[in-house]
Amino acid sequence: MKELLKKEAFFTAPKLTWIFLAFAVMALIPGYPILTGAFYICFGLFQSYQTAREANDILYTAMLPVKKTAVVRAKFAFACLIEGLAFLLSSVLTALRMTLLAHAAPYETNAMMNANVAFLGYMLLAFALFNLFFIGGFFKTAHKIGRPFLTYGIAVLLLVAVAETLHFLPGLTPLNATTFDPLQLVPFAVGAVAFPLLTVCAEKTAEKRFEKLDL
Amino acid sequence: MRDVLTVRNLTKTYPAFKLDGVSFTVAAGSITGFIGRNGAGKTTTLKSLLNLVHPDSGEVCFFGLPWAGNEETIKPRIGFASGGTDWYPRKTVGQLARQTAVFYPAWDEEAYRKYLTLFALDEGKKVRELSEGMRVKFSLLLALSHHAEFLLLDEPTSGLDPVSRDELLTVFRGLADEGVAILFSTHITSDLDKCADAITYIKNGRIVASEQKAAFIDAYGGGTLEEIMLHIEKEASL
């Protein structure tokens, strides 16, 4: 799996996938729906599927001396690697916003989502949706990428809309506080549970589908 | 000689075609020609052996081991080439070979260099810059560089010039003499006249013969494989 993951990261994926990690910096932008940063990071991952399809990578990998299902595991592992790095980078920037920059005027008057613990939970949810709808959907055919990405796009748009709305509801204002509030732990916990759960479910389903696919 | 491949009742149904109870064996150190008309099921059979096409039923055993549950043990011992290399067209021959090599514990750099020279392949060339024949050679280079005990080759000589084909058949004969089993499909039956030990004939998804080449030729009253193939197919259309 280590060699397959290295292949995904440095042979199959285009540099763009790595460059798009920089969208994690969107966590610092005030007055902007910063959760879309997670979407752009996933868009970078989407690019790796486009280049993989152009290169006929799935058939090449399936012919290597690995189990057929390892092809699926490697794709999920690489997505988790990118998502993990993005989450790590976002966490550092979020910590910066919640401490040193917590009382900066642009953030205190920010009508849109602030980077805080709740934001990190939403981010994990956005990644979970990508793994479920896009990668899981891709392995229904191992070549169609349009429909799975559209499905993911709609799902993440709904997530952004809900996340941007929640903190305007009575009693939920602390969700958007520039500093920590225990209420922020709720979306974080939801994201922390949903990410591994949905990813593992999507992977297991994708493995079963891919095993029976004709390449 | 022991069988390195045993196929029993392999079945795969498509809307317009059925691979119907395909059964045959391949012995160690032998070259088996896999022949039949276009669309007879040769590529589907070869891909089904490696689960690249998922069979509906049937059993495939390599080296006495069933494919199911032993995929990781079997695959490093096999070399598979299906036509020309058609992946990673923008990577160079060297880049793709190096990437492939890391997955094969038995990758032999010396053998790789030997076949690279024999096939006159340039490591710096991108796959997309290779002619169809050179892509076939590259595909074979990857299959031959890791000491595979069994080579599964789908039309390995198509697109090659007569000199390259002759060189390749000599390579195959040498490998078979060292104990490597080779199963290859081809439309160029004269290649099999030169080097095959056994013939497996598939027609409309069914195996109609699988035996030693001499016995196969005798059964049809002699002649070349092309003449026998024409006879079998014309007989069916009468």
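Assorted remarks:
- Index of the failed condition, B:Asn70 passing every other in (1) away from every other protein chain (no Cβ under 13 Å); (2) out of contact with any helix residue (DSSP H, G or I) (no Cβ under 9 Å at 6 or more places or on another chain); (3) surrounded by fewer than 16 Cβ atoms within 10 Å (Cβ to Cβ): (1)
- Top-ranked residue of segment A:74-119 - restricted to ones that are among the aromatic types (Phe, Trp, Tyr) and within 21 Å of A:Ala189 (Cα to Cα), ranked as surrounded by the most Cβ atoms within 10 Å (Cβ to Cβ): A:Phe119
- The requirement of being farther than 24 Å from A:Ser48 by Cα, of a type outside the set (Gly, Ala, Ser), in contact (Cβ under 8 Å) with a residue 60 or more places away in the chain and outside any loop (DSSP other than H, G, I, E, B) is not satisfied by A:Phe130.
- Filtering segment B:103-135 to residues that are over 15 Å from B:Pro89 (Cα atoms), open to solvent by less than 70 Å² (accessible area, probe 1.4 Å), of a type outside the set (Gly, Ala, Ser) and within 14 Å of chain A (Cβ to nearest Cβ) leaves B:Phe103, B:Tyr104, B:Trp107.
- Taking segment A:1-27 as the range and being among the aromatic types (Phe, Trp, Tyr) and either crowded, with 21+ Cβ neighbours inside 10 Å or within 14 Å of A:Ala86 (Cβ to Cβ) (or both) as the test, the residues that pass are A:Trp18, A:Phe20, A:Phe23.
- Only one of the numbered conditions (1) facing chain A (nearest Cβ under 9 Å); (2) within 26 Å of B:Met1 (Cβ to Cβ); (3) without any contact (Cβ under 8 Å) to a residue 60 or more places away in the chain is not met by B:Leu50, and that is (3).
- Every residue from segment B:90-99 that is more than 7 Å from chain A (Cβ to nearest Cβ) and either open to solvent by 20 Å² or more (accessible area, probe 1.4 Å) or of a type in the set (Ser, Thr, Tyr) (or both): B:Arg90, B:Lys91, B:Thr92, B:Gln95, B:Arg98
- Residues that are open to solvent by 20 Å² or more (accessible area, probe 1.4 Å), within 14 Å of B:Leu144 (Cα to Cα) and more than 8 Å from chain A (Cβ to nearest Cβ), drawn from segment B:73-86: B:Arg77, B:Ser82
The values are calculated or read from the model by the stated rules, or taken from the named source; none is laboratory data. Being a predicted model, the structure only gives us computed values, none of them experimental. Note: ideal-geometry Cβ built from the backbone for every residue, glycine included; neighbour counts use all protein chains shown. For the accessible areas, the whole protein counts, side chains as well, though only heavy atoms, and no ligand, DNA or RNA atoms are used. Shrake-Rupley method; radii C 1.70, N 1.55, O 1.52, S 1.80 Å.
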